[in-house]
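Worksheet for the structure shown next.
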Amino acid sequence: MSSVSDSADIRPMRLDVLYADENFIAINKASGLLVHRTQLDKQATEFALQLLRDQIGQAVYPCHRLDRPTSGVLLFALKPAALSAAQKEFEARRVDKTYHAIVRGWPEPQGLIDYDLKLEDKPSRVQTAQTKYRCLERFEFPQAIGPYPFARFAHVELKPLSGRKHQLRRHMAHLRHPILGDTRHGDGKQNQYIRQYFDCQRLLLHATRLKIHPAGMLQPIQITASTEHSFYSVLEKLRQSSTSKTTVFNMNDTNR
């Protein structure tokens, strides 16, 4: 017979709902949560789609995707017609998406990454991909990591202008400023450092804001997701512990 504590351990996760109307609902997806069932992880038992469906008691349809280790805004449609309208906006690249990340090194204050990406499962195929970025804060520690005499990190804002698989992770790696916690495209020594000194086991990439205006709606939908505690905790430790820190851009400045 299961004990009370055993039963508590298997209670489904309750999702953080950020927005809801008669057509759409959005959640703040946790890092590590899959959007839906996939062959990539047959052992996983919790999925955002099923959890949200059970939580609100009706069918939901994901309008886009977030990688499993990425947290933040995830939009679902409540009706097939709403799903079709949203997907048209994503396909036409009319959806404004904003991410925050913590990366290795000090990127330039701002820029555009225009770098084609090969399909990971079909390297012979190449897709165009563009990402705007700006550096919000820079940090430095008197700690040697690999060949570098100092540990340098930056808090950046990323705006994908296209929607390719792992685009932000691959684009930042292309700039030699990989996102911390990225075990596929990142820097192993830097990842080990943040695991050891910041007790961080996740990819430091968060979908902060999404703005979409599906056909038939009078006003656009704008949804903002606060960063998870694990992300915020690393950022605060960087701010408090850095021997040299610089604010490059005001995070609330949208005139860009």
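The values are calculated or read from the model by the stated rules, or taken from the named source; none is laboratory data. As the structure is a computational prediction, the values presented were derived from the model and not from experiment. Here the Cβ positions follow ideal geometry from the backbone for every residue, glycine too, while neighbour counts run over all protein chains shown.
Can you tell me which residues in segment 112-157 are more than 23 Å from Ser242 (Cα to Cα) and either surrounded by 17 or more Cβ atoms within 10 Å (Cβ to Cβ) or among the basic types (Lys, Arg) (or both)? Within segment 112-157, Ile113, Leu117, Lys118, Lys122, Arg125, Ala129, Gln130, Thr131, Lys132 qualify. For Pro160, the conditions (1) at pLDDT below 90; (2) within 19 Å of the chain's Cα centre (by Cα) all hold with the exception of (1).
Report yes if Pro160 is farther than 17 Å from Ser31 by Cβ and either out of contact with any strand residue (DSSP E or B) (no Cβ under 6 Å at 6 or more places or on another chain) or exposed (fewer than 15 other Cβ atoms within 10 Å of the Cβ) (or both), otherwise no. So Pro160 fails the test. Confirm whether Ser244 is exposed (fewer than 13 other Cβ atoms within 10 Å of the Cβ) and either charged (D, E, K, R) or more than 14 Å from the chain's Cα centre (by Cα) (or both). When the stated conditions are applied, Ser244 passes them. Select from segment 190-231 the residues that are among the hydroxyl-bearing types (Ser, Thr, Tyr), farther than 17 Å from Asp67 by Cβ and buried (at least 18 other Cβ atoms within 10 Å of the Cβ) and list them in ascending order. Within segment 190-231, just Tyr193 meets the criteria.
Looking at Gly146, Gly105, which one is out of contact with any strand residue (DSSP E or B) (no Cβ under 7 Å at 6 or more places or on another chain), under 21 Å from Asp187 (Cβ atoms) and small (Gly, Ala, Ser)? Going through Gly146, Gly105 in turn, the sole match is Gly146. Looking only at residues of segment 95-137 that are touching a residue at least 40 places away in the same chain (Cβ under 8 Å) and among the small types (Gly, Ala, Ser), we find that the one that is farthest from Leu235 (Cα to Cα) is Ala129. Of the residues making up segment 64-101, those that are aliphatic (A, V, I, L, M), in contact with a Pro (Cβ under 9 Å, 6 or more places away or on another chain) and in a helix (DSSP H, G or I) are Ala82, Leu83, Ala85, Ala86. In segment 204-241, which residue that is under 28 Å from Glu91 (Cα atoms) and of a type in the set (S, T, N, Q) is farthest from the chain's Cα centre (by Cα)? So the residue we want is Gln219. Among residues of segment 82-93 that are over 8 Å from Pro214 (Cβ atoms), those with a Cβ under 8 angstrom from a residue that is of a type in the set (Ser, Thr, Tyr), sequence gap 6+ or separate chain, pair up as Leu83/Tyr61; Arg93/Ser162.
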